[in-house]
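Inspection log for the structure reproduced underneath, given as C-alpha cells.
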Amino acid sequence: MFEQSPGQDFGFHPLVWTWFQKEYGSPTQIQSRSWPLIQSGQNVLITAPTGSGKTLTAFLSALNSIIAGSLAVGQMRILYVSPLKALNNDIQRNLLSPLEGLKQSFVQHGLDFPSVQVSVRSGDTPDSERRSMIRNPPEILITTPESLNILLTSPNGKRMFSGLSVVILDEIHAVGATRRGAHLMTAVERLELLAPGFQRIAISATVRPPERIAAFVGGYSLLAQGAAKSYAPRPVAVVQSAETRHYELEVDFTLAARLKGLPESRPDQEWPEDLLFGSVVERLREVIQQNRSTLIFANSRRMAEKISMLINEGQPELMAYCHHGALSREIRSAVETNLKQGKLPAVVATSTLELGIDVGEVDQVVLIQSPGFVSSALQRLGRSGHSVGRSSRGLFLPLHGRDILQSAILSQCIESGQLEEIQPVKGALDVLSQVILSMVSTEPWNPDELFAFLRCSYSYHELTRTQFQSVLEMLGGRFATSRIRELRPRIHLDPIKNELKAAKGAPFLIYMNGGTIPDRGYYSLRHKDTGSRIGELDEEFVWERSTGDVFALGNQSWRIIEINHNDVLVLPAPGASVAMTPFWRADSQDREAFVSEKLATFLENHLDKLKTDSFFQELQKLHLTEGAAEYLQNFLLLQQERTGSELPHRHHLLIEHYEDPMNRSDRKMVILHTLWGGKLNRPFALALRGAFLLEYELKIQAMSDDDCIMLMLPHEFSTGALLELVGTENLEKSLRAVLTSTGFFGALFRQSAGISMLLPGKAKSRTPLWLNRMRAKKLMQATSRFADFPVTLEAWREALSQSFDIPALHSRLAEIQSGQIRVSETVTQNPSPFARNLIWQQINTFMYQDDRPESDSGSQPGEDFFRDLARSAGLRPAIPFTVLRHYRDRMMRTAPGYEPDNVDELLELIRDRVLLHPDEWRTYLQILESMQQEQVPSAKPRLQTKISRARKGLATGESREVSSGEADSRENAEIESTEATESGPSPERTFLEQHVVVIRAPEYEALVCALETVPVLERALPSIRWQILPIGSLGTSVDAVPDSGVGASTSQSRHAVGTERMGPGKLRSPGRWKTRLPGCEKRAPAFPMKLRPLPGLDRLARSIPVSKRPPKKFRNPARCFRI
C-alpha cells in the first residue's frame, strides 16, 4: 500500500518525522508522492479519496519549515482557504492538537519550539479578533474566499501577507465551477503583488479533469512589462492517488414494505405524507440505533429540520440534531464538536457538513433523496469511514420512483469512479467589477497595467479590452443617463495621471457587500431576553407569521414575541405542539447532462428486460433492496403501460398528449419526455416559447424539470411541426426572443448586479429581497438600451455557459434532425408517472396565480378620465411646504449631510443636474469651503485653495505653458506647504478647469455644465449656436462676450470659443477644442423629439438617449459619452 519505507523522512526535522511515525505510522500513498514535490517548492494539485491524509500532507511540510527555522515566526507564513466556515473551524481544531504534540516532543528533548499562532477569519469572527489579527498577524491564517478579498481591500489587511510562503486551497472542486472560484483565484493572484513566488497547494477528493483544475490554480506569469505583454502558464504538478475507496452502498424505498399490505396499491399513487415520511423516519431510527454515530444528509434546510423533528418526536431523549447554514455559528460549532466526540447519536445536515470536515468516527451516512450529482454524493459518503483503509457505508432513501432510478445510477457511477467534469468560470464581468473596485480602493492603478495584471488569472486570461473597458465605464458612471442611484460612479479616472481611483465609500461597499453569494434578505432570529442570535429566517416565511406562532428550529420550539424590520424575537416554547418547520426559498439545481446520459442509456440497455427476473437481479446489483427493486420495476412497467409506448431513453423522445386539467378548449397539454436533464430541458423549453413567438406571434406556457418539458399548445397545432421549430440553426435566436422576459433571467441579472456592487445593502440593516428585486428591475429597464451593459452581458453569459448546457443541447437537436433520436407520440387520459412532477408544478402555479389577465391588452378608460381624476383636488393629499422644501434641499444636495464634500462628488453632481445656474454653482463652492474650514480650522487646506482659485483666480487670464516636470514639482510642493499651493496651479484646480465649463446661447443667461454635456446639447439643439466659456468666466461679465448671432455654424461657434482663454493653459484653437469635446466633429441626425425652448433644456438633456460607446480616440472609461 505504501511506496516509501518507514525510514525515509522526506526532509522533515527528525523530531517532526518521529512524531508523525508515532501518530500515523507510515505515510499514505498520496503523502509519499506529494511531499518530495512540495519540499522542492513546486505548486501542487493533490487529488485523492477522502480520509487519505491530504490536508496533513499540505500542512506538515510548511509547518516543518517554521519549526526548523527556515521561516521566521512573527508574520503570516501559511494561508489556508476553504469554501465553508465549518471546515475552517475544523481545520483550526485539527492543527492545534498536532502543534501541541510537537511542542511537547521538542520540550522533552530540550529544544525550543517556536510560537505558532493559528487564527480563523470569516464572517463569524468577532470584531475584536479581527483587529487583533491586524496588529499581530498569525503564522497560520484560515479563511474563506470572501474574507480573503475583504482583507485585500484594506491597506492594513494587505500588510499581513508580506511574508506569505504557502497558500493551501482546500476543496478546490467546490468553487472551481462557480463565480467563487474566479473571485478566489483573482485574490490569489493579488497576493503575488505582496509576496511574489509563494507556493500554491490545491486539494480535492473529486476533480475531473485534473489538468484543467491545475491550470486554473496556477494562472499565468506576466513576463514582459512593455507595450507587448506576454504570459507563461505557471506550472502546477498533479499528484493523484492510485488507491481506490471501497463503498458499502444500499438503496432502499421504505414505503415499499408498507405498500405490500395495502390493497390495490400502485406505484403512481399519491401517498399521504405521514405514511411516506413515517416509513422513512422508522427506518432512520433503526439505523441510528444500530450505529454509534450516524450522519444524515438532506437536500434542503426545511427537509433537514423536518426529518430531525420527526425523528425526535415522541422520544424520551433527542436522537438527532440539526446542522445547516441558517443556524448560528455557536449552534453549528457545538453540534460539530459533539459529533466528533461521539456524543451525538445522529446529525441531520445539509451540504454544510459535506466538504472535508472531520466529524469523527461516523459509522454510516444516509442520503435522503439523491443529490443529483456524483461529486456531491461522493463527498457526503466520504464522511463515513473518514480514515485510511476504512470503507464508507452509505444508505440512499429516495422518496419516489424517479428518485429511486436516479439513486441507482449514482451508486453505479460511484462504484465505477465516474465523475462530472468541472469547467471553471471564465470572464465573469460582475466578479471583475468587484475585483477592480477592491484593487483601486487601496491604491491608484494605471488602466493598462490593471488590464495586464488581471489577465494573469486563469478566469480572465482571455479577457478582451472591450470587456474590460465596459466594466470601467460602468463603474465610472457612463451608463448613468437616468436618475438611477445604482449607476452612480464608483471609480474615477484622473486624466492627468491616467490613474483609476475609487470614489468615496467604495471600500465600504466591499466590506459590507463583498463576495459572490447572493443576499436573500434573511431575518435574524434572536432570543427576546438575551438578544443572542439563534439563526436566520426567510422573509417569505416571516411574512406569513404573526406573534404567538410556534415553529421548530435547531431541535427547539420557539414562540414569536415580536417582528421588526431586521429581527424576529422569540422565546422557547417547551411542551408546545409543533407542526411547522421554517422554509427557505432557494434556486433549484438542474441535473447535468452527465448523469442524465447515464440514466437514459441504462433505460435503453434494458428495454427488453423490464418484465424479466434478470432485470430485477440487475437492479439488485445496483445496490437496490428487494422492495426498492420491485417498486422501480413496477414503476417503469406502469410508465410503459400508461403511454402504450416503449420508455423514453437515450435515442427515443416520447411526446405525450394529455388532457388539460383546466378543461380549456383552446389548449392542449403536450409533454416531451427527453430525460436530458434540467440544463438542457430548461433552454429547450425557452427556445420553443421563443420560436412560437417569432413564428406565430403566440405566447405559450412552458415548464420543465430534469426529465420532461410540458407545453400548453393550441389544439390545431400539429405536433409533428413542434420539433421543427427549434433546430441547431435557430436555437440561440429563439432563446434571445424570450429569455430576458423570464423570471429566471431576472434573477440572474439581480444576482449579477449585486456582485457588481450596483445593489448594495445598508450597513447593519437587512435589505428585503422584494426590494432588491424592484431595484434590479428598475436597473434593467434603465439600461435596456445599452447592448454592452456588463451586468446584462454577464447574465447572458451565466445563462448560456453555466445554467444551460448549450453545446449538449445542440448535439441532441442535431441527433433529432438526423434521425438518430427517434420521436414517437402517444395520447393519455391520465398523466404518465414520469410526467406527474410537472403536472404538480402546473397545478401549484395555478393555485397561487393572481387575477392578472393573460393578455396585456384590455379595455381601458379614456384620457379624459385620468385627466379629470388627476385634477380632483380632493383626491390629492396636502403636502406641507416645509416637507417640499426639505425634499428639494436633499435632492439638490444642499441640506446638511447631503452636500458634496470633495471635487469628484461635485463633478458628479453637475453631471447629474445637467445644467446649473451660476448662483447654484457658487453655492456649492461655498459649501465645500465651509466644510473644509470645519475639518481643518488651523490651516488652509488644498481643496479650499483650489476652490478659491476656481471662483476668482481663473478669470484673470494669467496663463503660460507648464511642463509636466514643473507640474509634478508644484504638486509635491503643495503637499508640503500651503504657500506652494498659493503660488501655482494645483492638479485639483486643473481638474475643475478641464471638466466644468460655462455655456451660453444668444439672448439667454449663462449656465454651468460638465464638459461632456456640451456635445449632448449641440446634437440635441443643432440650430442654436453655443458659446463655450471657461468656468473662470463667471468672475467677469459674461455679457461682454461678443455675440455672433443665432444660427451660426458649429465651426463658427467653436472659433469664437477658441478666442477665449481657458485658465492657466494657452489659447485653445478650434482644432484643439474638437479633441476636447468627444463626438462634436460629426453632426447627429435630427433629434426625434419636439424641441423645447432653452429654459427647458434641463428636462430635455435628461431625456437624451446615449449611444453604446464614444469614438475610440475620445473614449474615457470613467467619463465620456455621446449621442
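Nothing in this text is a laboratory measurement; each read-out follows from the coordinates by a stated rule. Not measured: the values here are computed from a predicted model. Ideal geometry is used to build each Cβ from the backbone, glycine not excepted, and the neighbour counts take in all protein chains shown.
Quick notes on this one:
- GLU562 paired with SER105, simple spin-label distance in nm, labels 7 Å along Cα-to-beta-carbon: 5.6 nm
- Summarising the amide proton neighbourhood of GLU1012: residues at separation of 5 or more, or on other chains, whose placed amide H is nearer than 5 Å comprise an empty set.
- Put in line by how crowded their Cβ is, counting other Cβ atoms within 10 Å and starting with the fewest, TRP17, TRP840 read TRP840, TRP17.
- Filtered chymotrypsin sites (Phe, Trp or Tyr not before Pro), the range 675-722: DSSP coil and at most 13 other beta carbons within 10 Å: none
- Computed over the range 14-240, Kirkwood Rh from alpha-carbon pairs, angstrom: 18.2 Å
- Per residue, the convex hull spanned by the Cα atoms of the range 182-265 measures out at 203 cubic angstrom.
- Database remark: amide H of GLN364 closer than 5 angstrom to the amide H of SER293, LEU295 (H placed geometrically; neighbours at sequence offset of 5 or more, or on other chains; Pro and chain starts carry no H).
- Taken one residue at a time, the phi angles of the range 721-738 give Karplus couplings (6.51, -1.76, 1.60, θ = phi - 60°) of 8, 4, 6, 7, 5, 10, x, 5, 7, 10, 4, 5, 4, 5, 5, 4, 5, 10 Hz. Gly and Pro are set to x.
- From phi via Karplus (6.51, -1.76, 1.60), per-residue ³J(HN,Hα) for the range 11-21 in Hz, x at Gly/Pro: x, 6, 4, x, 6, 5, 5, 5, 4, 4, 5
- Karplus-derived HN-Hα couplings along the range 633-639 (A = 6.51, B = -1.76, C = 1.60, θ = phi - 60°), whole Hz, x at Gly and Pro: 4, 5, 5, 5, 5, 5, 4
- Net length gained if the chain between ASN498 and ASN156 were fully extended (0.36 nm per residue, minus Cα distance): 120.6 nm
- If you look at the Cα atoms of the range 247-416, you get an Rg and a Dmax of 15.7, 50 Å.
- Computed over the range 351-503, the ratio Rg/Rh where both radii use C-alpha atoms and Rh is Kirkwood: 1.23
- Distance-filtered residues of the range 746-773 - backbone nitrogen under 20 Å, label point 7 angstrom along GLN423 Cα→Cβ: 748-749, 752
- SER221/TYR511 FRET efficiency (R0 30 Å; Cβ-Cβ; nearest 0.05): 0.45
- Each peptide among 513-524, 878-889 gets the average number of other Cβ atoms lying within 10 Å of its residues, and from highest to lowest they stand as 513-524, 878-889.
- Simple label model, 7 Å out from Cα along Cβ direction - GLN240 to TRP543, nm: 4.9 nm
- Cα centroid of the range 399-471 to Cα centroid of the range 296-342, whole Å: 33 Å
- Of the residues HIS461, PRO495, ALA480, the one whose Cα sits farthest toward the positive end of the charge dipole of the range 429-513, with +1 on the Cβ of Lys and Arg and -1 on the Cβ of Asp and Glu, is ALA480.
- When the convex hull of its Cα atoms is projected in every direction, mean area for the range 68-193 (nm²): 8.1 nm²
- Calculated on C-alpha atoms, the gyration radius of the range 523-572 divided by its Kirkwood radius gives an Rg/Rh of 0.90.
- Gained length - ARG131 relative to GLN640, 0.36 nm times residue gap less alpha-carbon distance: 176.7 nm
- Share antiparallel - DSSP beta bridges, the range 523-572, percent rounded to 5: 75 percent
- Separation in nanometres of the label points that stand 7 Å from Cα toward Cβ, at ASP608 and ASP864: 8.0 nm
- Mean separation of Cα contacts under 8 Å, 6 or more apart, over the residue count of the range 523-572: relative contact order %: 38 percent
- Residue order, fewest to most surrounding Cβ atoms within 10 angstrom, among THR57, THR254, THR466, THR178: THR466, THR178, THR254, THR57
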